[in-house]
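Participant: Got a structure for you, questions after.
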Amino acid sequence: MKYISTRNKNLNLDASSAILQGLSKDKGLFILENPSDLQVNLEDCLNMNYQELAYEILSKYLNDFTAEQTRTCISNAYTHTFSSKDITPTVKVKNDYILELFHGPTSAFKDVALQILPHLLTTSLKIQGSKEEIIILTATSGDTGKAALEGFKDVDNVRIIVFYPKDGVSDVQKKQMLTSEGKNCFVIGVNGNFDDCQRKVKECFVDEELKEYMEKNHQKFSSANSINIGRLIPQIVYYFKAYLDLVNKKEIDLYDKVNVSVPTGNFGDILAGYLAKQMGCPIETFICASNENNVLTEFIQTGIYNAKRVFKKTNSPSMDIVVSSNLERLLYLYCKDDSLVTQMMNDLQEKGSYELTSDMKARLQNEFFASYTTQVETKELIKEVYEKENYLLDPHTAVAYKGMLDFKKENRNNYKTIVLSTASPYKFMDTVLNSISESKSDEFTMMEECEQLTNVKIPNNLKNLQEKENLHNTNVEISEMKNAILNILGEKHD
Ligand SMILES: *Cc1c(COP(=O)(O)O)cnc(C)c1O
């Protein structure tokens, strides 16, 4: 049981080194060659709480962690940090289910992984006997940034640098990031979109000059983006949790199949679900729900990934993306052929597109259903579900809910569907409140208005956010990102 790269299957890494490296030197992503070797016995897990279930799953992946190290990481991450004791509760809405992933310290699903990733990283350092300082370099479309800052703040031997698209995140998201405390936290606005940020960050990871400079200083890059396998693994847990919750509530029988609908951007969340399925979670169909940046919809329907398209800013900004990095892992699992994956990724880089083999396409279409939702439809659905079901969806969750409705129209199967809810509606107040009523206030006043109107409580971390002081004020051009990093690492650079 060792980690390989999607672009080099001769690698043979332990979990700690895969987690520390983040991205492989060949630019591939780390993955287990056969995740289906790690089977979870569902019956054994029926009575487990979230932490126990997390141990059951994580211990299988963290091959060179001791049992105690894994347990300590889990208890550090999931004790007293989430506002729900279930961590990720599942609620019933009409005849389907919503898996609420937003009860963490920043009200976004990324907390589930980013509360534990710092502990996985520092434990990995210990295991490797490394004295290096870890530099977390991350690009964010809004939610990762704050969740990472919150997870890594004041963690010893770690510095975190977050780049976000200056005009591509919500007011609340921006305020959350700019008010981040923690001496080791650096937040930088970029005059560009999320794909620009992510592309540049990826380049910096393999930049020779940066590498040389950092080696001298005993520093090393790592990533908090979902390209890090250490971020993906913790996300497997809640798929099992949701499934077992439905069994325990007698909504389904053990081993009945379910579908899941996932609001998808970088393909991390849905890929974690795919890994859960490999490990024995009875998921039939993955509904890959996109917004108007519907590159994945087209991909699943045609087998051609075409990144030559215009990036759109939408009202579900955390899914605004043109290149979905984690798809590379699915490609590998489908073909188990590192040179084919390398070829496809080179095509993507050079020609802006690649095409699946007919075998891969058939498998993809068998397991995944694709749909996308326009911005207008997103708002209509928020209104409809609020009025009919008295449940307030955030825009990303609305996109997934619409994916479920589209899937039902196809009559492919009659299994129950779990919709993943990835953010609190309070993180995207402008869109949410203006879907169910009308308001011209700023997002912070809207929160109060929304609470009064709906009786849905404002999460604690978002209350009083407006009064907090901004602690970060650097903005840069895309071309200046590398210099900004060098400045933070401690060297002026012209
Ligand atoms: C990041 C994010 C997503 C997309 O998740 P991926 O793992 O990138 O596919 C969806 N919704 C919200 C609210 C997010 O923050």
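Participant: Condition check: of a type in the set (A, V, I, L, M), under 18 Å from the mean Cα position of the chain (by Cα) and away from the ligand (no atom under 16 Å from the Cβ). Does ILE136 satisfy that?
Facilitator: yes
Participant: What single numbered condition from (1) in contact with a Pro (Cβ under 9 Å, 6 or more places away or on another chain); (2) more than 16 Å from the ligand (Cβ to nearest atom); (3) hydrophobic (A, V, I, L, M, F, W, C) fails to hold for LEU117?
Facilitator: (2)
Participant: Take residues that are farther than 25 Å from SER223 by Cα and open to solvent by 30 Å² or more (accessible area, probe 1.4 Å) and tell me which of the strands (runs of 3 or more DSSP E) falling wholly in the stretch 1-96 contain 2 or more.
Facilitator: Output list reads 90-93.
Participant: Just checking, does the stretch 302-310 include any residue being away from the ligand (no atom under 11 Å from the Cβ), closer than 30 Å to ASP37 by Cβ and at pLDDT 95 or above?
Facilitator: Checking the stretch 302-310: at least one residue is away from the ligand (no atom under 11 Å from the Cβ), closer than 30 Å to ASP37 by Cβ and at pLDDT 95 or above.
Participant: Consider VAL399 carefully, then state whether it is within 15 Å of the ligand (Cβ to nearest atom) and open to solvent by less than 20 Å² (accessible area, probe 1.4 Å).
Facilitator: Spelling it out, VAL399 is indeed within 15 Å of the ligand (Cβ to nearest atom) and open to solvent by less than 20 Å² (accessible area, probe 1.4 Å).
Participant: Do any strands (runs of 3 or more DSSP E) lying entirely in the stretch 175-279 carry at least 3 residues that are surrounded by 24 or more Cβ atoms within 10 Å (Cβ to Cβ) and within 16 Å of the ligand (Cβ to nearest atom), and which ones are they?
Facilitator: Those strands (runs of 3 or more DSSP E) span 258-263.
Participant: Residue under question is LEU296, and the condition is that it be out of contact with any strand residue (DSSP E or B) (no Cβ under 8 Å at 6 or more places or on another chain) and crowded, with 22+ Cβ neighbours inside 10 Å; does it hold?
Facilitator: Numbers: out of contact with any strand residue (DSSP E or B) (no Cβ under 8 Å at 6 or more places or on another chain): no; crowded, with 22+ Cβ neighbours inside 10 Å: yes.
Spelling it out, it is not the case that LEU296 is out of contact with any strand residue (DSSP E or B) (no Cβ under 8 Å at 6 or more places or on another chain) and crowded, with 22+ Cβ neighbours inside 10 Å.
Participant: Filter the stretch 301-317 down to the residues that are surrounded by 22 or more Cβ atoms within 10 Å (Cβ to Cβ) and assigned to a helix (DSSP H, G or I) and list them by number.
Facilitator: Listed by number, the list holds a single entry, PRO317.
Participant: Would you please list the contacts, defined by Cβ atoms under 6 Å and residues six or more apart or on different chains, that run from a residue in the stretch 208-231 that is at positive phi to a residue that is open to solvent by less than 60 Å² (accessible area, probe 1.4 Å) and more than 16 Å from the ligand (Cβ to nearest atom)?
Facilitator: Taking only residues 6 or more apart or on different chains, the pairs are HIS218/GLU132.
So that you can scan it fast, the table gives a plain yes or no per residue for (1) within 16 Å of the ligand (Cβ to nearest atom); (2) of a type in the set (A, V, I, L, M, F, W, C):
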| site | (1), (2) |
| --- | --- |
| TYR50 | no, no |
| ASN63 | no, no |
| SER75 | no, no |
| LYS92 | no, no |
| LEU99 | yes, yes |
| HIS103 | yes, no |
| ALA108 | yes, yes |
| ALA113 | yes, yes |
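The values are calculated or read from the model by the stated rules, or taken from the named source; none is laboratory data. Given the structure is predicted, the values throughout are model-derived calculations rather than measurements. Here Cβ is always computed from backbone atoms with ideal geometry, including for glycine, and neighbour counts include all displayed protein chains. Accessible surface is based on the protein model in full, side chains and every heavy atom, while ligands, DNA and RNA are left aside. Shrake-Rupley method; radii C 1.70, N 1.55, O 1.52, S 1.80 Å.
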